[in-house]
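The values are calculated or read from the model by the stated rules, or taken from the named source; none is laboratory data. Keep in mind it's a predicted model, so treat the numbers as computed, not measured. Here the Cβ positions follow ideal geometry from the backbone for every residue, glycine too, while neighbour counts run over all protein chains shown. The accessibility values were calculated without ligands, DNA or RNA, using every heavy atom of the protein model including side chains. Shrake-Rupley method; radii C 1.70, N 1.55, O 1.52, S 1.80 Å.
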Amino acid sequence: VLFLVPTFLLLHIKFALLFVLVIGLLEVVPLFGAAIGICLVSLLVLGLQGFIPSVQVVLASLFFQQITDNIIAPRVRGDFTGLNPIWIIMALLIGGRVAGFIGVVLAMPIAAAIKSTIETMRLPDELSLMPGDQLASSRLD
């Protein structure tokens with residue numbers, strides 16, 4: 001979204017900042033939000049400025065959205081949550097099915113919390129034994 005503002009301004013799109021904000025706000029909705037935002041904005045530009053600017057908006061938006069969704073976002077999500085992308089998609093689908101839009105928004109944090117809990121339950125001995133505890137117990141012997 002950051003790169004869309006100067007791109008829309010270079011293309012002389014009227015209401016460029018507003019249109020970028022619409023795309024950015026709808027990008028919060030995983031999987032389909034950006035596509036809905038791009039379609040909505042391109043239809044508005046088609047009505048305001050004509051066919052050529054509308055096609056330019058679609059091409060520029062799709063280009064930057066693909067870079068964001070396929071290169072930047074998986075690395076950030078994977079590094080931040082530690083979840084495999086397959087588990088992220090499954091969590092989003094299950095969250096959407098169970099609780100609708102709110103479920104989709106909360107799916108990744110809940111999945112990351114579940115993963116962290118499971119990892120903690122698997123390693124109880126390593127977490128309970130602090131480095132200082134080992135030294136203290138060896139001095140008592």
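Report the net charge of residues surrounding residue 35, where surrounding means a beta-carbon distance below 11 angstrom and charges are Lys +1, Arg +1, Asp -1, Glu -1. If you can, show how the numbers build up before the last one.
On the way: positive: none; negative: 27, 69.
Cβ neighbours under 11 Å give a net charge of -2.
For the pair residue 25/residue 99, report the inter-label distance in nm, with labels modelled 7 Å from Cα in the Cβ direction.
2.3
Quick one: accessible area per residue over the stretch 1-113, 1.4 Å probe, rounded to a whole number of Å²? Before the final figure, lay out each step's value.
On the way: 7230 Å² over 113 residues.
Ligands and nucleic acids excluded, the result is 64 Å² per residue.
I need to check one value: relative contact order of the stretch 12-118, counting alpha carbon pairs closer than 8 Å and at least 6 residues apart, in percent. Walk me through the numbers on the way to the answer.
Values: 82 pairs, mean separation 20.7, N = 107.
Relative contact order here is 19 percent.
Of the listed peptides 92-102, 17-27, 41-51, what is their order by residue-averaged count of other C-beta atoms within 10 Å, with the highest listed first? Show your work: numbers first, answer last.
Working: 92-102: 14.3, 17-27: 17.6, 41-51: 16.1.
Packing proxy ranking, top to bottom: 17-27, 41-51, 92-102.
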